[in-house]
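One structure is given below, encoded as structure tokens.
The values are calculated or read from the model by the stated rules, or taken from the named source; none is laboratory data. Note that the coordinates shown come from a computational prediction; the quantities given were computed from them, not determined experimentally. Cβ placement follows ideal geometry from the backbone for every residue including glycine, while neighbour counts extend to all protein chains displayed. Accessible surface is based on the protein model in full, side chains and every heavy atom, while ligands, DNA and RNA are left aside. Shrake-Rupley method; radii C 1.70, N 1.55, O 1.52, S 1.80 Å.
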Amino acid sequence: MQLGALVQTPDGRKFRYSRAGASNLAAGKLVVAATQVADHTDLSVAVASIGDTQVTVTLGSTGVTADQYAGGFLIVNDGTAEGNIYTIATHPAADASATVVVTLAQPLATALAASGTSQVSLIKNTYADVVISATDQADLAVGVPPVAVTAGYYFFCATGGDVAVLGDEAVTAGLAVTIGTGVAGAVEALDAAGEQQLGIAKQALVDTEYQTVFLTLD
């Protein structure tokens, strides 16, 4: 099954097929997408023609492991063909500052130009290597594991409908919630512009306890 595939249970809850990152995940604790590698953005490419399914990319000062971005995306972020996005099928490992051939799941719709004219970024699938949320609110929340998950294992992450989640403070029922700033993996009331809305407190949340939130991520 493809990472990010959406399934819905008969009771209306929604889940995304996900993979845990390098640390174990706890049931009822919010998880976020993996941090983007800065050295894998704004990369130069070799010339590629319309219809090609392989793009040769020059890495920054951080290498890649085999299929680190499989199921993720190659986006053309600047220059010729900017704004295009393609799903990555596979790629080999490569060292820092080396070139790597990225195989796409669909052919190029627009040619890419070399010598820095086209710049691309390698973007990990949102549901690959998810981790428990930090308290800085600087990440993309993706959902809540309904069960404990071993590091590196695949699971279905709750993204829509009722879920039990850890409260970071008392929250009145009916209020929107966001990533908690006091305890990793917890949620608190959404009370500032720019905060990501995760869902609605279905019952009053109690600090340090698990109550029901209706997730609206999907």
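Assorted remarks:
- Single residue of the stretch 108-151 satisfying the filter (open to solvent by less than 30 Å² (accessible area, probe 1.4 Å) and among the polar types (S, T, N, Q)) that is nearest to residue 29 (Cα to Cα): 133
Here is a yes/no grid of residues against (1) under 23 Å from residue 126 (Cα atoms); (2) of a type outside the set (Ser, Thr, Tyr):
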| position | (1), (2) |
| --- | --- |
| 164 | yes, yes |
| 170 | no, yes |
| 187 | yes, yes |
| 195 | yes, yes |
| 202 | no, yes |
| 209 | no, yes |
| 212 | no, no |
| 216 | yes, no |
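- Residue in the stretch 163-173 that is of a type in the set (A, V, I, L, M), open to solvent by less than 10 Å² (accessible area, probe 1.4 Å), farther than 20 Å from residue 20 by Cβ and at pLDDT 95 or above present: yes
- For the residues 74, 122, 112, the requirement of being in contact (Cβ under 8 Å) with a residue 12 or more places away in the chain, more than 22 Å from the chain's Cα centre (by Cα) and on the phi < 0 side of the Ramachandran plot singles out 112.
- Some residue of the stretch 136-146 being closer than 30 Å to residue 68 by Cβ and polar (S, T, N, Q): yes
- Selection status of residue 152, in contact with a strand residue (DSSP E or B) (Cβ under 9 Å, 6 or more places away or on another chain), small (Gly, Ala, Ser) and within 22 Å of residue 6 (Cα to Cα): yes
- Residues satisfying the stated conditions in the stretch 190-218, i.e. open to solvent by less than 20 Å² (accessible area, probe 1.4 Å) and farther than 11 Å from residue 163 by Cα: 198, 205
- Whichever residue in the stretch 1-24 is of a type in the set (D, E, K, R) and open to solvent by 60 Å² or more (accessible area, probe 1.4 Å) and, among such residues, is farthest from the chain's Cα centre (by Cα): 11
- Within the stretch 39-61, the residues that satisfy the criterion of being within 26 Å of residue 2 (Cα to Cα) and either of a type in the set (S, T, N, Q) or under 15 Å from the mean Cα position of the chain (by Cα) (or both) are 41, 53, 54, 56.
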